[in-house]
Amino acid sequence: MTKPSAEALKAEILRLTREFAALQHGANRPSEENDAPFVPGTTPVPYAARVFDAEEVTAAVGSALDFWLTLGPEGEAFEREFAAGLGVKHTLLVNSGSSANLVAVATLTSPKLPAARRLLPDDEVITVAAGFPTTVAPIIQCGAVPVFIDNDPVTGNVRVDQLESAFAAGRTKAVMMAHTLGNPFDLGAVLEFCRRHDLWLIEDNCDALGSTYSLPRERAQALGFSENSPGLPSDGVHITRYTGTWGDLSTQSFYPPHHLTMGEGGAVNIVQRPPLKTYAESFRDWGRDCWCASGKDDTCGKRFQWQLGELPRGYDHKYIYSHLGYNLKPLDLQAAIGRAQLRKLPGFTIARKRHWQALRDGLADLEGFFEFTLPTHARRWQRGEFEWDDSGARADPSWFGFMLRVRADAPFTSTDLARHLDARKIGHRRLFGGNLLRQPAFVQLRRERPQALRVAGEMTGADELMERALFLGTFPGLTPAMLAYELEVLHEFVRSRP
Ligand SMILES: Cc1ncc(COP(=O)(O)O)c(C=O)c1O
């Protein structure tokens, strides 16, 4: 008997893998294909979960069989495909969203940047108080000072009216904040502020992949944007672009609850300026000066001709370090999974929006007890439609979650609601760390080194979000039966209160 070739064996393993995944992972498929039985009150309804099918599992097994291991061909393909889909110059894969934020801030500290723009020790970065801790921690880890302004409790995003009072001439160098739960922050106002004072903008887009933001054409052009993101239709009035493509740098997380996943993983997007890619890549890859891809040599054509620092002329460029870097690369296998997920992203985005609307519609009669998040620039929601403010700007979130705030005069607290949902096996989350200034790590930091951060103004919005907000899931694996159960449980909860 002739031995099967390696290729034939691989094909057979992948065929079996596909068959296995179809049998094993039915409950993880997108909601339309999820054929697992749902028993209300028994089957958990998570706030988020991985949504995948045989494609992701075969991609992972295929990559494991190839055994490249370190970031390689799949990683390069992912970076190219992701950047092209979003419409940014470059995407760099890293091993988490937190690492992406670290690399993004570190990039702004590069000595290769013009002195006036470089983020130096004790320079300030404006951020918001309520959100995820690793949007802020990298600012401190890179030696800069976060300056906290408040969140608007209605959108969950930055209160742009506080930007100017937070600005300190000569010290403020950047703004870094997240699009809260997928809701784009007021990019028009934030970018105009950044342009006025020559500041960098890092968009933490970890929770907002697929969200779009529109500005009236003239206002967008004044900020340097004349085109929509790839594939987005034009209405003739606005420039519409994905979040993560308006700032200088933006970041993604590919941890399971996020809009697409590769297990662990993240990315830094370099929106327009190619040199930032070289610096970001250097910080990701040990701080090296050389920019050769894995397995390649002498991309610069003068590997043995450089004279940098106090090294001897001709010292191997591969081992020249121009930054104090890290190693934050993921595995190639993760990128292989990410590529399969990327193909599903348009469908995921539609599902997230649909699930948000279903919850909003279904809870419309509970407005006496809850206040619901509005997209930035929306004034109110009425029968499926938003009424917009006069700015002409629009936000269209690909929602990470469905956030509600228990009204201050409701006959129950957000903790009562959380307990009830838990008992009914409905997953929910707080807005991450709430007002981060109240977290033990930040309290301790302020006590030990008061100058390590600055608080500009009152944090009433952040406190309100911390005390009264919860969010439910909108992830693409939720089925109509799960959503109906969530609505039933919320109504039952409100009815059961005195
Ligand atoms: C806004 C935001 N930024 C950053 C992160 C960190 O991402 P990761 O968990 O991949 O480190 C998260 C995590 O969920 C997040 O919500």
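When you go through Thr42, Thr17 one by one, which is the residue that is out of contact with any His (no Cβ under 9 Å at 6 or more places or on another chain), part of a helix (DSSP H, G or I) and polar (S, T, N, Q)?
None of the other options fit; the residue is Thr17.
Output the residues belonging to segment 198-218 that are farther than 14 Å from Val160 by Cβ, touching a residue at least 24 places away in the same chain (Cβ under 8 Å) and not aliphatic (A, V, I, L, M).
Asp198, Trp200, Glu203, Asp204, Asn205, Cys206, Asp207, Gly210, Ser211, Thr212, Ser214, Pro216
Ala48 - would you say it is closer than 16 Å to Ile426 by Cα and of a type in the set (A, V, I, L, M, F, W, C)?
Answer is yes for this residue.
Within the group Thr349, Thr415, which residue is more than 27 Å from Ala166 (Cα to Cα), polar (S, T, N, Q), assigned to a helix (DSSP H, G or I) and out of contact with any Gly (no Cβ under 9 Å at 6 or more places or on another chain)?
Thr415
Could you tell me which numbered condition Glu81 fails, if it satisfies all but one of (1) assigned by TED's automatic domain parsing to the domain that holds Gly247; (2) under 30 Å from Leu478 (Cα atoms); (3) touching a Gly at 6+ places or on another chain (Cβ under 8 Å)?
(3)
For segment 232-257, enumerate the residues that are of a type outside the set (S, T, N, Q), more than 14 Å from the chain's Cα centre (by Cα) and assigned to a strand (DSSP E or B).
Selection gives His238, Ile239, Arg241.
Tell me whether segment 384-394 contains one or more residues that are in a loop (DSSP other than H, G, I, E, B) and either among the basic types (Lys, Arg) or crowded, with 21+ Cβ neighbours inside 10 Å (or both).
Checked against the condition, which is being in a loop (DSSP other than H, G, I, E, B) and either among the basic types (Lys, Arg) or crowded, with 21+ Cβ neighbours inside 10 Å (or both), segment 384-394 yields at least one hit.
Got at least one residue in segment 263-271 being in a helix (DSSP H, G or I), within 16 Å of the ligand (Cβ to nearest atom) and either modelled with pLDDT of 95 or more or touching a His at 6+ places or on another chain (Cβ under 7 Å) (or both)?
Checking segment 263-271: not a single residue is in a helix (DSSP H, G or I), within 16 Å of the ligand (Cβ to nearest atom) and either modelled with pLDDT of 95 or more or touching a His at 6+ places or on another chain (Cβ under 7 Å) (or both).
What are the pairs with Cβ atoms under 8 angstrom where one residue, in segment 387-401, is at positive phi and the other, located anywhere, is surrounded by 15 or more Cβ atoms within 10 Å (Cβ to Cβ)? Sequence gap at least six, or different chains.
Short answer, once both residue conditions are applied: Gly392/Leu215; Gly392/Pro216; Gly392/Arg219; Gly392/His238.
Is it true that Asp235 is under 16 Å from Met176 (Cβ atoms) and either of a type in the set (D, E, K, R) or touching a Lys or Arg at 6+ places or on another chain (Cβ under 6 Å) (or both)?
So Asp235 fails the test.
Can you tell me which condition Glu79 does not meet? The list is (1) in contact with a His (Cβ under 8 Å, 6 or more places away or on another chain); (2) within 16 Å of the ligand (Cβ to nearest atom), and all the others hold.
It is condition (2) that Glu79 fails.
Kindly check whether there is at least one residue in segment 148-162 that is β-branched (Val, Ile, Thr), at pLDDT 95 or above and within 19 Å of Pro450 (Cβ to Cβ).
yes
Any residue in segment 412-441 that is surrounded by 16 or more Cβ atoms within 10 Å (Cβ to Cβ) sitting within a Cβ distance under 8 Å of a residue that is of a type in the set (S, T, N, Q)? List the pairs, counting only those 6 or more apart or interchain.
Lys425/Thr42; Lys425/Thr43; Leu431/Thr180; Gly433/Gln439
Picking from Leu472, Leu490, Leu478, which residue would you name as being in a helix (DSSP H, G or I) and not polar (S, T, N, Q)?
Leu490 is the lone residue from the list that is in a helix (DSSP H, G or I) and not polar (S, T, N, Q).
Specify the residue that is nearest to the ligand (Cβ to nearest atom); the eligible residues are those in segment 85-99 that are closer than 23 Å to Thr134 by Cα and in contact with a Pro (Cβ under 6 Å, 6 or more places away or on another chain).
Per the stated criteria, the residue is Asn95.
Which one is farthest from the ligand (Cβ to nearest atom), of the residues in segment 110-119 that are in contact (Cβ under 8 Å) with a residue 40 or more places away in the chain, within 21 Å of Gly325 (Cα to Cα) and among the aliphatic types (A, V, I, L, M)?
The selected residue is Leu113.
Within the group Ser294, Ser282, which residue is modelled with pLDDT under 95 and either surrounded by 14 or more Cβ atoms within 10 Å (Cβ to Cβ) or outside any helix (DSSP H, G or I) (or both)?
Sole residue among the options that is modelled with pLDDT under 95 and either surrounded by 14 or more Cβ atoms within 10 Å (Cβ to Cβ) or outside any helix (DSSP H, G or I) (or both): Ser294.
How many of the residues in segment 65-109 are touching a residue at least 12 places away in the same chain (Cβ under 8 Å), closer than 18 Å to Ala293 by Cα and outside any helix (DSSP H, G or I)?
Count: 12.
Of the conditions (1) farther than 25 Å from Leu333 by Cα; (2) surrounded by 14 or more Cβ atoms within 10 Å (Cβ to Cβ); (3) among the polar types (S, T, N, Q), Asn28 clears all except one; give me its number.
(1)
The values are calculated or read from the model by the stated rules, or taken from the named source; none is laboratory data. Please read all numbers here as calculations on a predicted model, not as lab measurements. Heads up, the Cβs are rebuilt from the backbone with ideal geometry, glycines too, and the neighbour counts pull from every protein chain shown.
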